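Structure, as structure tokens:
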Amino acid sequence: MADINAVARQFAEYYYGKFSANRADLVPLYREQSMLTFESSQHIGVGNIAEKYTGLPFGQVAARISTLDAQPTPTGICIFVTGELQLEDQEQPLRFCQCFNLVSESGSYWVLNDIFRLNYG
């Protein structure tokens, strides 16, 4: 079994690197049965998830991970992330949390479930 913490770190570095640079590059991480809940709006399938990510109303963003926790699941890994998003036109960063359910397949992982929330307050 792979070291889930190492896999989680590698996944998070890849994911947030793509999220910061070009969100369209996140599309290959998802499948037709994938589901994204982004601030309570739900999106199922690759096309809908791609549309949500590429339609976000901000350009460049820098993502900083504060915490990262991982647990094994029967089909892969559950990853929980907290951090900050620094938008290019905002002085204060936005705090967020995100949970991924990764499925292991042929030596790699894809995202079955993705839940994202901004933390206000």
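Each value in this text was obtained by applying a stated rule to the coordinates, not by laboratory testing. Just so it is clear, the structure is predicted and the values come from calculations on it, not from any experiment. FYI the Cβ positions are ideal-geometry reconstructions off the backbone, even for glycines, and counts take in every protein chain you see.
Using Rg/Rh (Cα atoms, Kirkwood Rh) as the read-out, say which of (1) 1.00; (2) 1.27; (3) 0.95 was calculated from these coordinates. Evaluating Rg/Rh (Cα atoms, Kirkwood Rh) on these atoms matches (3). A Förster distance of 25 Å, applied to the separation of the beta-carbon atoms of TYR120 and THR54, puts the FRET efficiency at 0.55. For the stretch 3-19, backbone phi angles converted through the Karplus equation (6.51, -1.76, 1.60; θ = phi - 60°) give residue-by-residue couplings of 5, 5, 5, 5, 4, 4, 4, 4, 4, 4, 4, 5, 4, 6, x, 5, 4 Hz, Gly and Pro being listed as x.
Between GLN86 and ILE65, the modelled labels are 1.8 nm apart [label points 7 Å from Cα along Cα→Cβ].
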